[in-house]
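To start, the structure itself, in structure tokens.
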Amino acid sequence: MNPIVHADSYLTLHYRITLMSGPGAGSVFIDTFTGKPGTLQLNAGQWSPSMETPLLGHAEGESFSYELPAQAAYGDRNPELLQRVTRQMLTRDAGADATFEPGDMVEFTAPNGGRYSGVFREWNDDTALFDFNHPLAGVDLRIDVKLLGVL
């Protein structure tokens, strides 16, 4: 009998995350089936609990798929996370010669020293618009899984 996935399992798996809604509907966000498998320690914060729960009870060697609405995956998009950043702040954080194209991921330093990232959207005079939502926020997902190992 093959090992079964439990709440504290360590997994070796292939997985594919496909966008099921939004502008990228039908596109693949990540796919390990075409290369090296991934590893996942359940309950360690690597995946959200709602993404891990459908794995529970499956056995090593199984292949299966499940779908998650945006609210259960990475949540809805939060319009408050669309923020304008001054050119002065960008120069300080990214350097005076930095250039940005729409879709570029830019990392910032918070006042407490932490790091966070946003996606550049557009320039507007002396400010730039960044989206600090998770890239998969507001998107329904389909996740295809092949469990290669369960510890």
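Brief remarks on what is shown
- Answer from GLU60, GLU52 - the residue that is modelled with pLDDT of 95 or more, charged (D, E, K, R) and in contact with a Gly (Cβ under 9 Å, 6 or more places away or on another chain): GLU60
For (1) of a type outside the set (Val, Ile, Thr); (2) closer than 30 Å to GLU60 by Cα, each residue gets a yes or a no:
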residue: ASP97; (1), (2): yes, no
residue: ASN112; (1), (2): yes, no
residue: THR127; (1), (2): no, no
residue: PHE132; (1), (2): yes, no
residue: LEU141; (1), (2): yes, yes
residue: VAL145; (1), (2): no, yes
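- Of all residues in region 40-66, those that are open to solvent by less than 20 Å² (accessible area, probe 1.4 Å) and within 17 Å of the chain's Cα centre (by Cα) total 4.
- Note on region 63-118: among residues that are under 30 Å from LEU11 (Cβ atoms) and among the hydroxyl-bearing types (Ser, Thr, Tyr), the one that is modelled with the lowest pLDDT is TYR116.
- The criterion of being open to solvent by less than 70 Å² (accessible area, probe 1.4 Å), closer than 21 Å to ILE30 by Cβ and assigned to a strand (DSSP E or B) does not hold for GLY103.
- Yes/no for ASP97 being more than 18 Å from MET20 (Cα to Cα) and either free of Cβ contacts under 8 Å to residues at least 40 places away in the same chain or surrounded by 17 or more Cβ atoms within 10 Å (Cβ to Cβ) (or both): yes
- Given (1) more than 15 Å from ALA128 (Cα to Cα); (2) in a loop (DSSP other than H, G, I, E, B), index of the condition ALA98 fails: (1)
- Residues of region 7-32 classified as in a loop (DSSP other than H, G, I, E, B) and surrounded by 14 or more Cβ atoms within 10 Å (Cβ to Cβ), total: 5
- Region 110-151 - residue that is of a type in the set (Val, Ile, Thr) and touching a Gly at 6+ places or on another chain (Cβ under 8 Å) and, of those, surrounded by the most Cβ atoms within 10 Å (Cβ to Cβ): VAL139
- Flag if GLN83 is over 21 Å from LEU42 (Cα atoms), part of a strand (DSSP E or B) and either open to solvent by 80 Å² or more (accessible area, probe 1.4 Å) or of a type outside the set (Gly, Ala, Ser) (or both): yes
The values are calculated or read from the model by the stated rules, or taken from the named source; none is laboratory data. Please read all numbers here as calculations on a predicted model, not as lab measurements. Using ideal geometry, Cβ is built from the backbone for each residue, glycine included, and neighbour counts are taken over all protein chains shown. Note: accessible area is taken over every heavy atom of the protein model, side chains too, but ligands, DNA and RNA are not part of it. Shrake-Rupley method; radii C 1.70, N 1.55, O 1.52, S 1.80 Å.
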